[in-house]
1. Mind checking whether some residue in the range 97-119 is more than 18 Å from residue 43 (Cα to Cα) and touching a residue at least 60 places away in the same chain (Cβ under 8 Å)?
2. Residue 91 - would you say it is crowded, with 17+ Cβ neighbours inside 10 Å and at positive phi?
3. Are any of the residues in the range 40-55 surrounded by fewer than 17 Cβ atoms within 10 Å (Cβ to Cβ), without any contact (Cβ under 8 Å) to a residue 40 or more places away in the chain and part of a strand (DSSP E or B)?
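Bear in mind these aren't lab numbers, they're just calculated from the coordinates by the rules spelled out. As the structure is a prediction and not an experimental result, all values here were calculated from the model. Don't worry about glycine lacking a Cβ; one is built from the backbone with ideal geometry, like all the others, and counts go over all protein chains shown.
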């Protein structure tokens, strides 16, 4: 007798639970799409603002030379950047202790972006693709055309 009444209750409650679950998931998906759509932009050039210190490591492809660099970059919140870096290539000390650079950057609403840094008239620009994480306090990037990655942290 108890088994039959439990079975009847489950027959009535189960469809109701499924409908509630579907409606709940649908509300969650709508909320997420609103926050990530064009009206809910999370990042812009202003998100990347201030000084960031980075450790950069990888390999320059072709000659397969190991690269180790530390860098301090300043992002102005409007798409312009300046930097200084100390580059150790293949274990050799650099010709100039701190190399100057400048360039531009662009941050997309989804917190991805690119920047280009020019380090001298004889050097091609260094082009980087990146993502901003932790509300813009970290930059995770990769250098185009090389096996070089970095993580930069906002300096307090």
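1. In the first step, residues of the range 97-119 are kept if they are more than 18 Å from residue 43 (Cα to Cα); the result is 97-103, 116-119.
Next cut, touching a residue at least 60 places away in the same chain (Cβ under 8 Å) only: none.
Checked the range 97-119: no residue is more than 18 Å from residue 43 (Cα to Cα) and touching a residue at least 60 places away in the same chain (Cβ under 8 Å).
2. Values: crowded, with 17+ Cβ neighbours inside 10 Å: no; at positive phi: yes.
Here the answer is no, as residue 91 does not meet what is asked.
3. no
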